[in-house]
Structures are given as structure tokens and as C-alpha cells.
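Here the structure comes first, spelled out in C-alpha cells, and everything after it is commentary.
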Amino acid sequence: MTKNSLKLNSKVPSGTINYKWENHKSTLKLVSPNNRSNIEIIVVGTGLAGGSACASLSELGYQVKAFCYQDSPRRAHSVAAQGGINASKNYKGDNDSIYQLFYDTIKGGDYRSREANVYRLAEISSNIIDQCVAQGVPFARDYAGYLETRSFGGTKVSRTFYAKGQTGQQLLLSCYSAMSRQIGKGRIKMYNRHEMLDLVIIEGVARGIIARNLISGEIERHTANAVIIASGGYGNVFFLSTNAMGSNASAIWKVHKKGGLFANPCYTQIHPTCIPVHGNYQSKLTLMSESLRNDGRIWVPKKLDDAISMRNGTKKPENISEEERDYYLERRYPSYGNLVPRDVASRAAKERCEKGFGIEENETKEGVFLDFHSAINKYGKEKANELGIINPSDLEKMNLGEEVIESKYGNLFHMYEKITNQNPYKTPMKIYPAVHYTMGGLWVDYNLMSSIPGCYVIGEANFSDHGANRLGASALMQGLADGYFILPYTIADYLSRYIRVSKKISTQHEEFDKSEKNVKDRIKKLLQNNGSMSVDYFHKRLGNIMWEHVGMSRNHVGLSEAIKSIQLLRDEFWKNVFVPGKIDNGLNAELEKAGRVADFLELGELMTMDALNRKESCGSHFREEYQTKEGEALRDDIHYKYVSVWEYKENMSISDEIMYKENLNYTFVKVQSRSYK
Amino acid sequence: MKKLLNFKLKIWRQENKKEKGYFKTYQVHDISPNSSFLEMLDLLNNQIICDKKESSTIAFDHDCREGICGMCSLYINGRAHGPDNLITTCQLHMRHFRDGETIYVEPWRANPFPIIKDLVVDRSSFDRIIISGGFISVNTLGKTIDGNMIPIPKDKADKAFDAATCIGCGACVAACKNRSAMLFVSAKVSQFSLLPQGKIERKKRVINMVNKMDEEGFGSCTNTKACEAECPKGISTEYIAFMNNEYIRSFTI
Ligand SMILES: Cc1cc2nc3c(=O)[nH]c(=O)nc-3n(C[C@H](O)[C@H](O)[C@H](O)COP(=O)(O)OP(=O)(O)OC[C@H]3O[C@@H](n4cnc5c(N)ncnc54)[C@H](O)[C@@H]3O)c2cc1C
Ligand code: SF4
Ligand code: FES
């Protein structure tokens, strides 16, 4: 593994941070409107990032070809986001500002994100809300008709805009509507149920993709003047996660294998409030929004005996008195309490469970309580006062309190009850951390271009804005900022150079032949493999290795072992996987999964290598060897204040990848150790 | 540990749009009452793979498995999204079935939703209805006014929000004896007509969307309310009345 930092040019503009983006925009080249309709752009992925990019680019007049593997852009994974989207509008008068949002995001990311990108994100955040309101997003409103906000972990202001627990859905549907308008005009050609299986590079620049029509099974060639990847995150490497089942790494992995640099692969965010794992039949985990931590208090019993009786069901949480409960977040972090950032809350839950205080009756005994009892009491009392009820009975108070909670989180409580068959108004929810979001992704410069000219990467698929940990409600913000407001400007700079040479690219070019052959060979190999185990079998095993060794905490021995285990598992996969079906013959979900898991088996190794390299604890990356006496993360800014950027070399193995460093310079914020005490 | 369950499944298999379909019987054993309906199908598919007797697994649509993407479908024992109310198939758990029960699993059946394979249908007619006008024609680039410059009364905002929660799953169509898509279309029409931003185009929007819906071959509404009963998001048929009103208005005023 050799290291150097020569190869990377982040193209961050010079000047003071608050003028960088304005100044940069004024230097970007333009494409005149009459030329735009001759330029074709491929967008892979139609979540918030891809969908907003499609809408804006086609409105500018470019010809867009959009691809997604679902039957409609409206189903992209972004639809599942619950809690909200940040913007520094200071509507609440709590002294929020662009600087505050910028500062919280940088600090939240544990000083491992690119300063200039984060500042731009904070600057643009308020436009996003205005834009979405204009498009008809029904954000929550107060009685005066103005926009409502709420708080999320890691901040002390109320800047999160929301639409009940369905913010992602509402934002995505408005993107989808904006796209639909352009589809109607013929400016976007939509390829639903299509999966990108390779990037085609001609004379050093991205010129098209190979995609599989998932219904017919046909392999198709598509050309363009630029390719945008907006394919989302890769958390499903872990098998169980909060991601949609189809979320995968194939698009970014294919770009990586064609030379696109991969940044910070080891940064995986674990979300503290998910419904715990129940059995080995389980296919995915369900998130309970972080906003619940505004009112829910997290605890486990103080006594080991109580934890045991809780697990075998002989005692109920209601039977444990206040004095016998350990509200461990409030105890350890008095200033942020239950609202500490996700990595901190997750690790604290793991610590308690490892000490034997877990309360869930599952195999691993992992689970803690999220209790609304205090909040129900408090709201019940307030409501009774408001209504002028003198000496309300306990039951009356409880009913009133439950009504308030219902109006705030009703759909989440409904979802919890459907899944667990328990009523969270009456008994505390059980929660445990789960894999949620990946901060790593393809490396991009300030213009959001990957290391392959003409190939741009936006949304969760790129690496730049969140550092080692993402604060809540900032992924939606980043996706829309990239797609609506950044990429449409920066891509023009690149495309303007192509107008003169814009002869139509032929799909007959030998690079297309080569790529198509590779894709077809691989499909053949999968379908004709004489194995006996299902794809899921391998995926689950990979997930177990990753969760155990590359999950919430990591150490040298575990990581080294994991690398070996993944390599062995990968060999076994190619020897022993069985995928039913025939080539070119229609819908085949097993084949789709097989291709994706094959990619996960490679990416998993890179994630592990990256985690092994980073000998410090920061954000979601917790190396057990590097912690303070109190068990908090110990960062090493002297040696690791960089983005690790990995390069794949053709025909080499993953373990031969080369790592480069992009050094991170902070000129506008002072780098401090992160404390939420 | 709760008692594990066994079921006999009668599942609709169909190679593609042209081929004829049929019910095929499968047995599944040791299903946890806590597993979801789709997790049971995963298990069955795994069984099919291990047996190697069939040329393909059972195809069914799904993605988020959280009741929000609208991708899963399935007609289970004669009901869209199965027994239980206000849920999608991915949120349906096996504890709702009796041990040993025979369960019938079919695709959505409606002409505007042609079958692609087994239990997967093509719902792109819904997309075409949205393309015909289900949006507010605002440019996404450039400057708009501050969000708080458009105050919206809370009751209006809440009503628009309730309409906006439609996930486009198509259960309303599958449940309707006329195969009407009125609930889906009215939800979108209402959301925008209730908001000040959407008022300007309201006439054009409702006419285009209703015409497109007819053109796609969806039937008319006869107020049976089966759609409302099976809609996982509880969209009310009041919105159909609202849309009818909008439609008539668009000709008169
Ligand atoms: C349960 C949950 C709740 C969340 N809540 C919040 C929240 O409250 N606030 C917040 O800010 N963030 C939240 N997040 C995170 C946020 O939702 C995601 O990070 C964000 O939506 C990602 O958007 P995206 O556009 O980058 O990708 P996605 O929405 O994942 O879209 C990916 C797109 O790429 C397509 N695609 C992928 N690969 C291919 C391929 N090979 N070929 C063709 N198409 C392909 C897919 O079809 C899809 O259209 C949440 C996430 C989860 C899981
Ligand atoms: S109205 Fe209800 S049933 Fe119909 S598509 Fe929307 S969510 Fe599904
Ligand atoms: S899989 Fe998304 S709603 Fe069921």
C-alpha cells in the first residue's frame, strides 16, 4: 500500500469561504440554450439527488436519459426518509444562521468532511425549502400558516422542516412531479426497471453505460455527453439495515472498477433507534425516527437481575421503579442527554448491552427501552391545565398526554405496533442500533465530478459533505442541493468544452463491445454456475462478518480476520452460488441480487481495509484501541486528518488497491475535540 | 419462543403477459408469527432454489418493506394487501393467519395493470396520469419566493397533506369492482387544488388527469368505497367528491 497525495485535485476555489461558491459560479463556463438540446446526459438513479438533477437539467434544456431499477422514480429509497430536512432559516429566532448549520455539520462529521463543500451546502439550504414549497410540498404548518420546524440530534436549534414522519416521501414525490412534467415535454426519457451494469469510458472520458432491461433481460447500450451517478448508499453490505431491499452498490462499484476513486469506504453510520433484530428469517430492519428522541427517554435497568427478568418476561418495564432505571445517556451526557449524535447514542447502547443490561428477548439479548411515559405525563398535565380540568385523574391525564404524542408521532407508533404487536403508548418501545447510512462513496471534486472526466456523482453515492458521521436531516438536504442547485451549474463548465466536438458518439465503439461482453460473461457465469446455495445465504454471511468486525466498533485483530473471511467467502460464492433462470429470459430477481451481492463481496473487503488503515476513532468509525479513559472516541488529527481515497487497478485484486490522501484543511472553523457532555 | 406456523399457499404463477397463468400449491413450514408476509415468500423462494425443481423463483414486487414506497402489491385471500386494515403487504405479519390455513396469493387484476410475471404487474399507467398534469409547473432552478411568503391555514395544509400521503400502490384499483383509479387521481388533484401554489393550474390539471385516466382504461366510480376500505394510507373518498366538484367547476367558472 503506497500513499501519496499528488493525484487529487479537489478544485476548491480560493478566497474566503463565504464567497467561494459565488465567485466560483461566476467563473464557470456556460452552454447556450440552443446548444443544450443537442447534449445528452445520463442520470443513473432517481431518488432525491438524481430526480432533482433530472428536473433541473431538463428544464435548462438538456436531453436527459434517466435510469432506475424500480418501476417508477416515485419508489426510490429516498421515499422512506422520515424525520425531516435541515435549513438555516432562523424562522424560530433561535439564532440559527448559515454559519451555525455549517459549524454543526462540520463538528457532527468529526472534522472529516470538506470544509468548502459543507459551507456551500449550508448556504443553499434555505433555497431548497423555498423551492419545495413552490412545488407544493405540504410541510408542517403552525396555526398562523407559517412553516413549522423541530429539533434533531447534535444541534441546539430547531431547524428541521418536516411533513409528519413522511418528509422523504413528500420531497421525492415533488421531485417526481417535476420530472413527470419534463417527461411529458419529451425532455426526459425515463428508463424504469433498468439497471446500470457498467460505465463506458471512451478516450478517457465517460461516454455511456451498459444497462439491463430487467423485464426483457436484454442488455442495452446508451451513450451520452456526461454520466451522472445518483445511485444512493451501500449500507446493504451488512445485509440487515434500514435501507430499502434493492439499495445496492453496483453503480458506484462499477465506476470504481473503471478507475473512479473511492473515498472513506469505512464510514458507515449506525442509527441508534431501530426495532431490534428478532430472528434469522428477518430481511431488513425498521427505523424509528430520531425525532422520537425529542420526547422519548432511553434506559436499561440498573440491576443485572432486572435485565434478566425483563428478557424472560417475568418482569415488565412498568414494574421497575425510577430509582432502579439507568437513563444512561442523560447520565453520561448531561448537556445533550437523549439528543446526542447518532454515533454516540449507538455506542452507549452497545456498551450497556455488552455489560449484560440488554432487555430484548432475542438471541443476542440486544435492546434498550425508549420510554414515552414521562412525556405522556408531562403533556397530559399541561393539557389538563390548558383545558381547565381541576384535579384530573391519572387516567384522564394519560389519555390527554397520549393524544399529544399521537399528534406528533402517530404514524411511527402505528408502524411500531404493526411490527412488534406491542402498544408503545402503554409500554416502552424496544430499540437497538442498526446500519443506516454510508458517508463514504465515490470521490468527487468541488464540482461533484469523480476522478473520471464526465462522470459526476451526487447524493449519498458521493463522499464529500458528511465526514465521519452524518447529522440527522442532512442527507435529504445534500441530495437536493446537489441535484437542484449545484450540479446544473458545474456540469455546464464541462459540457461547454464538448460542444465543438459534439459529434454523436456511436454505440458501435469498441469500448461498448468490450463492456457489453464483460457484462454478458458475468451474467452467464452466474446463471451457469453449478452451485447449490442461494444468493441470500452468502449475503447473510457477509453481513454477519461485517456487523461483527466492521460494525459499531472495530479493532486490529477483528479487521484483519474479517479481510481473510471475506476473501474466502467470495471464493466460495463464485464456486457455490446457485442462480436459477435462463439468459435473456425476463424478470429474474435472483440474478439481480446475485450481481449486487458479488459487488458487496468486493466492496466489503475495501471497507474493512479502510477501517484497518484508520488508526484513530472518529465519528462512526470507532477503533477500540483508540479511546479515552471514559470510553469516548479518540481522534488523531496529526496523522489522520485526511480523506482516504482508494484506486482500483485493472485486473488486480481488491487487496492490491492503492490509497491516496486528500488532506483536509480547515481555515474557517477551529478543529476541536468533539464533546457532547 | 412462540409456536411456529405452517401454511398451504396457492400462488398465481404466470411466465409473462402472453402466457396463461395458473395456481400452484406450495407448503411452508416453521414460519415465525413475527415474520412478515414477504419474509415468508423469501423463505419459500429459498426453498425453490434449494429444490432446483423449478426454473424460476416466484416474482413479486417490493423494495422499502416499510409501507412507504408503494412497490409491494399482492391480493391475499381476496383482499388487496391481505387481511388487516391500513397496511401494505410488507407490513402484514403472519400472526394474522391461523396455523394450517390455506392462503391464496394473486396479482392485482385490472386491465390497465398488465401482468409482467407471476405476481408482478405493470403500474406505469399511474405514471402516465401524473405526466398528464399531476404537478405544479414551477421551474426548479432560479429564484422562488421565501416559503413563509405563502402562508397556508393549518386545516388546509393538513387536508392537503392527508391527500399527499398516497403511495401509488394501486390497491384502490385492485379493490374496486369497476377498476376505477378515482381515489389515486383525486388524492393528487386535491393536494394541489387545496394549496395556494396549485390553484392557478387547477382547471387544466383536473381535466387532463381525468381524461388520461379514462384513456388508460380505468373504470368509473360508483361509490362502493371498496377503495377507501383497502387503501393502506386511509385516503378518504371525500377526495373523490372534491375532485368531481373540481372537474365540474373547471367547465363552468
Ligand atoms: C428509513 C430511513 C430514514 C431516513 N430519514 C432521513 C431523514 O429524516 N432526513 C434525512 O436527511 N435523511 C434521511 N435518510 C437518509 C436519506 O433518505 C438518504 O440518504 C437519501 O434519500 C439518499 O438519496 P439518493 O438520491 O442519494 O439515493 P436513493 O434515494 O437511494 O436513490 C437511489 C436511486 O438509484 C437507483 N439505482 C441504484 N443503483 C442503480 C443501478 N445500478 N441502475 C439503475 N438505477 C440504480 C435507484 O433505483 C434509485 O432510484 C433516511 C434513510 C432511511 C433508510
Ligand atoms: S389511494 Fe390508497 S390505495 Fe390508491 S394508490 Fe394511493 S395509497 Fe394506494
Ligand atoms: S415494499 Fe415498500 S410499501 Fe411495501
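Key figures
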{"quantity": "Interface residues in the range A:181-221 - accessible area drops by 40 Å² or more relative to the isolated chain, probe 1.4 Å", "calculated": "A:R181, A:R193"}
{"quantity": "Among A:P341, A:G358, A:S10 - extreme Cα towards positive end, dipole of chain A, charges at beta-carbon", "calculated": "A:S10"}
{"quantity": "Subset of A:K564/B:K2; A:K408/B:K225; A:K593/B:K233; A:K284/B:K177 violating a 32 Å alpha-carbon distance limit", "calculated": "A:K564/B:K2; A:K284/B:K177"}
{"quantity": "Separation of alpha-carbon centers, the range B:218-253 and the range A:166-213, rounded to whole Å", "calculated": "32"}
{"quantity": "Charge dipole (the protein assembly as shown, unit charges on Cβ, about Cα centre) - positive-most of A:L172, A:H373, B:L41", "calculated": "A:L172"}
{"quantity": "Spatial separation of Cα centroids for the range A:581-656 and the range B:151-205, in angstrom", "calculated": "43"}
{"quantity": "Surface per residue (accessible, 1.4 Å probe) for the range A:523-641, Å²", "calculated": "41"}
{"quantity": "Chain A, accessible surface, carbon-and-sulfur percent (1.4 angstrom probe)", "calculated": "49"}
{"quantity": "Candidates B:D155, B:D118, B:D127: whichever shows maximal mean-square fluctuation once chain B is modelled as a Gaussian network with Cα springs under 10 Å", "calculated": "B:D155"}
{"quantity": "Heavy-atom accessible area per residue - the range A:435-489, 1.4 Å, Å²", "calculated": "9"}
{"quantity": "A versus B: buried accessible surface, summed, Å² (probe 1.4 Å, to nearest 100)", "calculated": "6300"}
{"quantity": "Angle in degrees between helix A:48-60 and the longest Cα principal axis of chain A, rounded to the nearest 10", "calculated": "50"}
{"quantity": "Spin-label model distance (nm) - B:K225 vs A:E624, 7 Å beyond Cα toward Cβ", "calculated": "6.0"}
{"quantity": "Å² of accessible area per residue within the range A:275-434, as computed with a 1.4 Å probe and no ligands counted", "calculated": "44"}
{"quantity": "Greater than 27 Å apart at Cα, pairs in A:K92/B:K143; A:K7/A:K89; A:K25/A:K257; A:K7/A:K257; A:K520/B:K117", "calculated": "A:K7/A:K89; A:K25/A:K257"}
{"quantity": "Whether the range A:275-434 is rounded, prolate or oblate, judged on the alpha carbon gyration tensor where a/c under 1.5 counts as rounded", "calculated": "prolate"}
{"quantity": "For the range A:532-577 versus the range A:76-148, the gap between their alpha-carbon centres in whole angstrom", "calculated": "38"}
{"quantity": "Fraction of the pair-distance distribution of the protein assembly as shown above 48 Å, Cα-Cα pairs, percent", "calculated": "18"}
{"quantity": "Acute angle (nearest 10 degrees) that the helix B:238-252 long axis makes with the longest principal axis of chain B, alpha-carbon atoms", "calculated": "40"}
{"quantity": "Burial ranking of peptide ranges A:111-120, B:38-47 (average Cβ count within 10 Å, highest at the top)", "calculated": "A:111-120, B:38-47"}
{"quantity": "Accessible-area composition of chain B, carbon plus sulfur, in percent [1.4 Å probe]", "calculated": "52"}
{"quantity": "DSSP-defined beta bridges in the protein assembly as shown - what % are antiparallel, rounded to 5", "calculated": "70"}
{"quantity": "Highest-first arrangement of A:321-330, B:15-24, where packing means the average Cβ count within 10 Å", "calculated": "A:321-330, B:15-24"}
{"quantity": "Positive dipole terminus of chain A, leading residue within A:M288, A:Y446, A:S250 (C-beta point charges)", "calculated": "A:Y446"}
{"quantity": "Rounded to 10°, Cα long-axis angle of helix A:535-550 versus longest principal axis of chain A", "calculated": "60"}
{"quantity": "Radius, Kirkwood style, for the range A:523-641 when every pair of distinct Cα atoms is counted (Å)", "calculated": "15.8"}
{"quantity": "Magnitude of the charge dipole, chain A, Cβ model with Lys/Arg +1 and Asp/Glu -1, debye to 20", "calculated": "1240"}
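The values are calculated or read from the model by the stated rules, or taken from the named source; none is laboratory data. Predicted, not measured: the structure shown is a model, and the values here were computed from it. Using ideal geometry, Cβ is built from the backbone for each residue, glycine included, and neighbour counts are taken over all protein chains shown. Side chains included, ligands, DNA and RNA excluded: accessible areas come from the protein's heavy atoms. Shrake-Rupley method; radii C 1.70, N 1.55, O 1.52, S 1.80 Å.
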